[in-house]
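Quick notes on the structure that follows.
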2 protein chains.
Amino acid sequence: MKKLINNSDNVVRESLEGMAAAHPDLIKVHFDPHFIYRVEAPIPGKVALISGGGSGHEPMHGGFVGLGMLDAACPGEVFTSPTPDQMLEAAKMVTGGAGVLNIVKNYSGDVMNFEMAAELAHSEDILVRNILIDDDIAVKDSLYTQGRRGVGATVLAEKICGAAAQQGYDLKQVANLCRQVNLNGHSMGMALTSCTVPAKGSPTFSLGDDEIESGIGIHGEPGRQRMSLKSADEITEMLAVSIIEDRDYTRTVREWDADKGEWVEQELTDPAFESGDRVLAFVNSMGGTPLSELYIVYRKLAEICEKKKLQIVRNLIGPYITSLDMQGFSITLLKLDDEMIQLWDAPVKTPALRWGI
Amino acid sequence: MKKLINNSDNVVRESLEGMAAAHPDLIKVHFDPHFIYRVEAPIPGKVALISGGGSGHEPMHGGFVGLGMLDAACPGEVFTSPTPDQMLEAAKMVTGGAGVLNIVKNYSGDVMNFEMAAELAHSEDILVRNILIDDDIAVKDSLYTQGRRGVGATVLAEKICGAAAQQGYDLKQVANLCRQVNLNGHSMGMALTSCTVPAKGSPTFSLGDDEIESGIGIHGEPGRQRMSLKSADEITEMLAVSIIEDRDYTRTVREWDADKGEWVEQELTDPAFESGDRVLAFVNSMGGTPLSELYIVYRKLAEICEKKKLQIVRNLIGPYITSLDMQGFSITLLKLDDEMIQLWDAPVKTPALRWGI
């Protein structure tokens, strides 16, 4: 294993120390338990947004802490869920009295620990709502997941809901918006190569010299299919058409009902993409794929969307939710409405996303 | 070779088509000859900034076309100089009557072709000045270079001079500023792995499983030394100290004298870093290195700068001048003055760098 690290035990801490040194105008880092938070937090009267998950997906989530996006991010060890005490301490640090929204990618450990953190916060009179992101259409149930995995839509939800919180939405409104972004957002990825987790020191899985895997998870979880290497156009078409034609995914969503003081469940079904829809097209590098190749993917994606009469009105292209050094990419399409477009365009100032300010 | 491409002959064109599709609000792409240019160009009375070079270093240069940075970028084939006709056509497209500054990385093909393009432009009454960037302290003379190679300082020069042009500096002023940024900026890189050029299909060079190369060029040109893998801290210290302690590099600079109507030469020597200097610290990924590792590097770099009493007042961390899928990084330190800081902070809106707008 060749990596720019000092010791595989310290990669998360040292990377956080580097972030803290690099961006003192935007973020602070709390150690033991670890979380990254906005220098301005707590902001009285603003809903606080928190996300988190295993490290190894940078810039997500720590790179998205700042004005117009997250108030705090809780990084676990590489590909390992953060713990409830991290989430609770982060919530206590950033709550401004208007409640906390946890944006949680659907991996069993993350879900369980964020639920526990929410209950602990409630016992300290901080109202918390958790919204799950489960946008990966590739597979249902996976190595670490019941249902679908949470991937690219997480980045978009953090941006859109971060803007909403900044504009004064209350907790229920931000939560409803986040749920809607999740239902409207669909993703699928693929890998050319495996990633290597520092603590393990060898590739997570192996792919032959002429093999790729479609529908891969961001921790290298099995996807839909191993297949021989194809052209960028063929791969893009395979992913994009799968996303666009995905239909009727229904899951049971478990959310906190503040009035009843208990978790309640409801069934929710994703809306389908329809001719005439406006979409945000997000082409994401898994980490090791050059930008030039992402543009080759985008070229074909734009062509497919045009054919399917989906109007790409916003896009995001680059490494935003990665899997260490994995080569590959994912596509996320998010069906937009006027409100989401306005919130997407709103100013953001974080280490990894910045515009308008 | 596993890459997200369709055909190795078309990677540059298809990637440009993707860029054009993705950023119609910022750039247009002219094909045959290829160049990327600002949608607003030509801007009357503004000095036009052009850069260019071989493809494979994305986002440089095409990703830096837009408000507050470049007016046009001329991409060659992968790791191959663009041609004088590209540069001339780009100059004709973007000149607003106040002259054109070509920012040229010091590689023999780029230098020769940009000089020829300048002469052709002069014969069409477009005044052009070329400023060379030769900031790579690793080696003197290299595979494609007389003198030192141009690397990370190019990105910084494009940002700072782009802001100056936007603020109304005239051609001589922008050229003087660009020359000063180059003299003040020093870089060195290293590689953990080779890159693979699509047309070749196999790694450019080979490194053992436990080997790295310090001082590598952005096309895989030989560096200072092959050595066994070291810790991120050791590598960062090796590069940073080499940069900070570099002294008295002198080269003969050849620039166009508009009054005399000929190329004139002068000797220029880099200033040394001195205790108390304010610097911009740029930690750049060669393409395949995860952001988390760049922060581990930055952590050590900040410590070294503090020890050497260099005050990091601005930074840039990410993949900005890459070598396809190469794993590795480079450090650039640029000695700043008030003028450069103000220009660095000025609004920029390009596909790859954006703030303040």
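The values are calculated or read from the model by the stated rules, or taken from the named source; none is laboratory data. From a predicted model like this one, the values you see are computed outputs, not experimental measurements. When we count neighbours, we look across all protein chains shown, and the Cβ atoms used for this are built from the backbone with ideal geometry, even at glycine. The accessibility values were calculated without ligands, DNA or RNA, using every heavy atom of the protein model including side chains. Shrake-Rupley method; radii C 1.70, N 1.55, O 1.52, S 1.80 Å.
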Please determine, by comparing only the residues of region A:239-263 that are within 27 Å of residue A:341 (Cα to Cα) and hydrophobic (A, V, I, L, M, F, W, C), which one is farthest from the other protein chains (Cβ to nearest Cβ). A:253
Looking at residue A:57 and the list (1) within 14 Å of chain B (Cβ to nearest Cβ); (2) farther than 27 Å from residue A:345 by Cα, which single condition is not satisfied? (2)
Considering only residues that are within 13 Å of residue B:58 (Cα to Cα) and hydrophobic (A, V, I, L, M, F, W, C), look in region A:264-301 and name the one that is farthest from the other protein chains (Cβ to nearest Cβ). A:294
Is region A:87-94 home to any residue that is among the small types (Gly, Ala, Ser), within 13 Å of chain B (Cβ to nearest Cβ) and under 21 Å from the mean Cα position of the chain (by Cα)? no
Restrict the check to region B:138-146 and report whether at least one residue is assigned by TED's automatic domain parsing to the domain that holds residue B:74, touching a strand residue (DSSP E or B) at 6+ places or on another chain (Cβ under 8 Å), buried (at least 24 other Cβ atoms within 10 Å of the Cβ) and of a type outside the set (Asp, Glu). yes
If you scan region B:117-154, which residues turn out to be at positive phi and without any contact (Cβ under 8 Å) to a residue 24 or more places away in the chain? B:125, B:141
For region B:214-253: of the residues being without any contact (Cβ under 8 Å) to a residue 60 or more places away in the chain and part of a strand (DSSP E or B), which is surrounded by the fewest Cβ atoms within 10 Å (Cβ to Cβ)? B:228
Residues of region B:302-322 being within 9 Å of chain A (Cβ to nearest Cβ), out of contact with any Phe, Trp or Tyr (no Cβ under 8 Å at 6 or more places or on another chain) and not aliphatic (A, V, I, L, M), which ones? B:303, B:318, B:319, B:322
Please give the number of the condition residue A:16 fails out of (1) without any contact (Cβ under 8 Å) to a residue 60 or more places away in the chain; (2) surrounded by fewer than 24 Cβ atoms within 10 Å (Cβ to Cβ); (3) facing chain B (nearest Cβ under 10 Å). (2)
Those residues of region B:192-214 which are under 18 Å from residue B:239 (Cβ atoms) and out of contact with any Ser or Thr (no Cβ under 8 Å at 6 or more places or on another chain) amount to B:193, B:213, B:214
Residues being surrounded by 20 or more Cβ atoms within 10 Å (Cβ to Cβ) and either assigned to a loop (DSSP other than H, G, I, E, B) or not assigned by TED's automatic domain parsing to the domain that holds residue B:51 (or both): count how many of those fall in region B:148-180. 6
Pick out the one residue from A:77, A:58, A:89, A:115 that is open to solvent by 10 Å² or more (accessible area, probe 1.4 Å), in a strand (DSSP E or B) and not small (Gly, Ala, Ser). A:77
For region B:184-195, indicate whether the set of residues that are part of a helix (DSSP H, G or I) and farther than 30 Å from residue A:210 by Cβ is non-empty. yes
Would you mind stating whether residue B:279 is crowded, with 21+ Cβ neighbours inside 10 Å and farther than 24 Å from residue A:291 by Cβ? yes
Among the residues listed as B:46, B:3, the single one being at the interface with chain A (Cβ under 9 Å from one of its Cβ atoms) and either assigned to a loop (DSSP other than H, G, I, E, B) or surrounded by fewer than 24 Cβ atoms within 10 Å (Cβ to Cβ) (or both): B:3
Scan region B:186-238 residue by residue and report those that are at the interface with another protein chain (Cβ under 9 Å from one of its Cβ atoms) and of a type in the set (Val, Ile, Thr). B:193, B:212, B:235, B:236
The conditions are (1) touching a Ser or Thr at 6+ places or on another chain (Cβ under 7 Å); (2) crowded, with 19+ Cβ neighbours inside 10 Å; (3) within 14 Å of residue A:240 (Cβ to Cβ), and residue A:309 fails exactly one of them. Which is it? (2)
Counting only residues that are open to solvent by 20 Å² or more (accessible area, probe 1.4 Å), among the aliphatic types (A, V, I, L, M) and more than 27 Å from residue A:195 (Cα to Cα), region A:27-43 contains a total of 2
Within region A:182-213, take every residue that is open to solvent by 20 Å² or more (accessible area, probe 1.4 Å) and among the acidic types (Asp, Glu) and give me the one that is nearest to residue A:281 (Cα to Cα). A:211
Residue within region A:11-25 that is under 22 Å from the mean Cα position of the chain (by Cα), at pLDDT 95 or above, hydroxyl-bearing (Ser, Thr, Tyr) and part of a helix (DSSP H, G or I) present: yes
Identify, from the list A:71, A:32, A:25, the residue that is out of contact with any helix residue (DSSP H, G or I) (no Cβ under 8 Å at 6 or more places or on another chain), away from every other protein chain (no Cβ under 11 Å) and among the charged types (D, E, K, R). A:32
Against the conditions (1) surrounded by fewer than 24 Cβ atoms within 10 Å (Cβ to Cβ); (2) of a type outside the set (Lys, Arg); (3) closer than 18 Å to residue B:42 by Cα; (4) in contact with a strand residue (DSSP E or B) (Cβ under 7 Å, 6 or more places away or on another chain), where does residue B:97 fall short? Just the number, please. (4)
